[in-house]
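I have placed the structure first, in the form of structure tokens, so that the comments after it can refer back to it.
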Amino acid sequence: MSTSPKPVKKVPIHLQSAANRVYIKNGEIVNHDKSFKADVYIEDGIIKFVGPPSEITIPGGVRTIDASGLLIIPGGIDPHTHMQLPFGGAVAVDDFYSGTKAAVAGGTTMIIDFVLPNKHESMIEAYDKWRSWADPKVCCDYGLHVGITWWSKSVSEELGILCKELGVNSFKTFMAYKGLYQLNDSDLLDVFERIRQLNGVAMVHAENGDIIAKNTQRLLAEGINGPEGHELSRPEEVEAEAVHRACVLAHQMKTPLFVSGLTSKSSAELVGRARRSGYCVFGETLASSIGRSMSGVSKAERIYYITSPPIRESAETPRQLMKSLAYDDLQLTGSDNCTFNKEHKAKGKGDFTKIPNGVNGVEDRMSLVWEKGVQAGLLDPCRFVAVTSTNAAKIFNIYPQKGRIAVGSDADIVIWNPNATRTISKDTHHQACDFNIFEGMTVHGVCEFVLVRGRICAERGQVRVAEGFGRFIPTPVRPPFVYDIIEGKVQSAVQEDHPEERQNGGGNSVAKKF
Ligand code: URP
Ligand code: ZN
Ligand code: ZN
């Protein structure tokens, strides 16, 4: 028998970390429906206990965190990112490593990115490409939506495979980007019909691409070629028209619709109206549009803020959108994180149509929603959790695995200091881009700890993520939260408020100051 020592079998970093035992004591848990004082015990990446300390005996070798005075919230879920997206002649500089590291630093523990196939590219091949980019790099869990960037019988068949075998339940259509991603109404109807057949969720980028193309031609002919031309070519009513049309098209096909990245008051109101009319529609707004407006941005700097739909000019818009989140006209906040460096943006100097679209936000979304929502007196902490995490988990059918602090849920947890502040800057952010559209803003709401499936990935400003630790999270079809509405099991998408279940915020999603 050989006496030579057996080689030491190294436990991979993700297994070591996931096995960590963590005990969080003295904190206040905030879920979307109630908040309460309780301790939390985590083992193997899963929440094993939530309750009073008298009901648990803590084993040895446990890391204990004292969360006195702090909130214990479900990790953020950002339902809208574009890491390393090839777009507009450049590739987004945040890849799945830096992008998810930044997400974690800011309290987001899961992202849902978009596979955007090229025209005539197979959806499955594009999906495989995104998985090969993301799987080795992600520091937090992630899911995928797939863009329907062209339409044919083969695409329709591939949607079935994506739903049944590859863990995708949501498909984004585009009413803008004429000549690139835009579908006409007839194709949109077919796509919505197919998604309904598969029990999926339709998503839409709602801006009227034909009007934008016309306006762009006219503006360039008039010599308006600077970044100011971007919003001039796609004013609010161009967004609102498409939002209304998308709601009607999806309603006619009895398909649930997620309206992606709304940036204007009129569009938010249309989504609210559709919901109150019984349509199964959900609306997302963006960190960039609740965090700031274009008011006061110099002509020279505007190039760095170009994204679609645009961040609006009016200084009133961020507050109006926040009110829409409070009133449940809108349900979610995403970042639409799609970052380019200054040199990439400069490609569009002298022709606004050539500016790569997109801005940062994945790192700052949670703090911005807290600052402009809770700190401003418009949201209570429960509604903050709903619009940053739980509603995304419910719509994309990963609740309560994600989006809730409860026994059996993944230990994606943020220990949140509502009173601490930080000042946003490109010099301290974790994103790869060389500017930050929120530069110099001071925001309340700081992560003291961020746990991704039980692994402590950020601790009092120190970010220690592990590349590849994140997992792909399949999103199964027929989310009950969505399909119970479609199938008439609940009256409408408008949620009943249950004051008896709410223990703060006066039993309302709108905080007392409002
Ligand atoms: O302007 C943006 N956000 N670019 C990314 C593509 C999209 O519209 O989602
Ligand atoms: Zn979009
Ligand atoms: Zn987007």
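Every number here is computed from the coordinates shown, using simple stated rules; none is lab data. All figures in this text were calculated on a predicted structure; none of them were measured in a lab. Positions of Cβ are generated from backbone atoms using ideal geometry, with glycine treated the same way; all protein chains shown enter the neighbour counts.
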- Per the helix-only calculation at 222 nm, which mean residue ellipticity applies to the chain, given -39500 (n - 2.57) for every DSSP H run of n ≥ 4 and division by its residues, nearest 500 deg cm²/dmol? -8000 deg cm²/dmol
- Query: So how strong a dipole does the chain carry about its Cα centre when Lys and Arg Cβ are +1 and Asp and Glu Cβ are -1, to the nearest 20 debye?
  - Reply: 660
- Query: Do you know the relative contact order of the range 378-500, to the nearest whole percent, from alpha carbon pairs under 8 angstrom that are 6+ apart?
  - Reply: 22
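How many percent of DSSP beta bridges within the chain run antiparallel, rounded to 5?
Numbers: 32 of 69 bridges.
Taking every DSSP beta bridge within the chain, about 45 percent pair in antiparallel fashion.
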- Mind checking which lysines have their C-alpha under 29 Å from residue 347, skipping anything on the same chain fewer than 8 residues away? 101, 119, 129, 137, 172, 178, 214, 299, 426
- Task: At 0.36 nm per residue, minus the direct Cα-Cα distance, what do residue 427 and residue 343 gain on full extension? Give it in nm, one decimal, please.
- Result: 28.5 nm
- Taking Cα atoms, the helix 265-276 axis meets the longest principal axis of the chain at an angle in degrees (rounded to 10) of 70
- Message: Just to confirm the number: angle between the C-alpha axis of helix 236-252 and the first principal axis of the chain, 0 to 90 degrees, nearest 10?
- Response: 70
- Item | Projected label distance in nm at residue 132 and residue 54, using a 7 Å step from Cα toward the beta-carbon | 5.9
- Angle between the Cα long axis of helix 123-134 and the longest principal axis of the chain, 0 to 90 degrees, nearest 10? 50
- Message: Give me the one-decimal nm value for the distance between modelled label points at residue 46 and residue 248, 7 Å along each residue's Cα-to-Cβ direction.
- Response: 5.0
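Can you pull out the GluC sites (Glu not before Pro) in the range 164-268 that DSSP calls coil and that have at most 14 other Cβ atoms within 10 Å?
Sites meeting the loop and neighbour criteria: 222.
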- Message: Just to confirm the filter: which trypsin sites (Lys or Arg not before Pro) across the range 236-314 are DSSP coil and have at most 13 other Cβ within 10 angstrom of their Cβ?
- Response: 254, 299
- At q = 0.06, 0.08, 0.10 Å⁻¹, what base-10 log of I(q)/I(0) does the Debye formula yield for the chain when every alpha carbon is treated as an equal point scatterer in vacuo? -0.26, -0.46, -0.73
- Can you list the lysines whose alpha carbon sits under 29 Å from that of residue 37, skipping same-chain ones fewer than 8 residues off? 25, 48, 323, 372, 394, 402, 512, 513
- Message: Taking 45 Å as R0, compute the FRET efficiency from the Cβ-Cβ separation of residue 68 and residue 487 and round it to 0.05.
- Response: 0.50
- Message: Run the numbers for residue 121 and residue 165: contour at 0.36 nm per residue of separation, minus the present Cα-Cα distance, in nm.
- Response: 13.9 nm
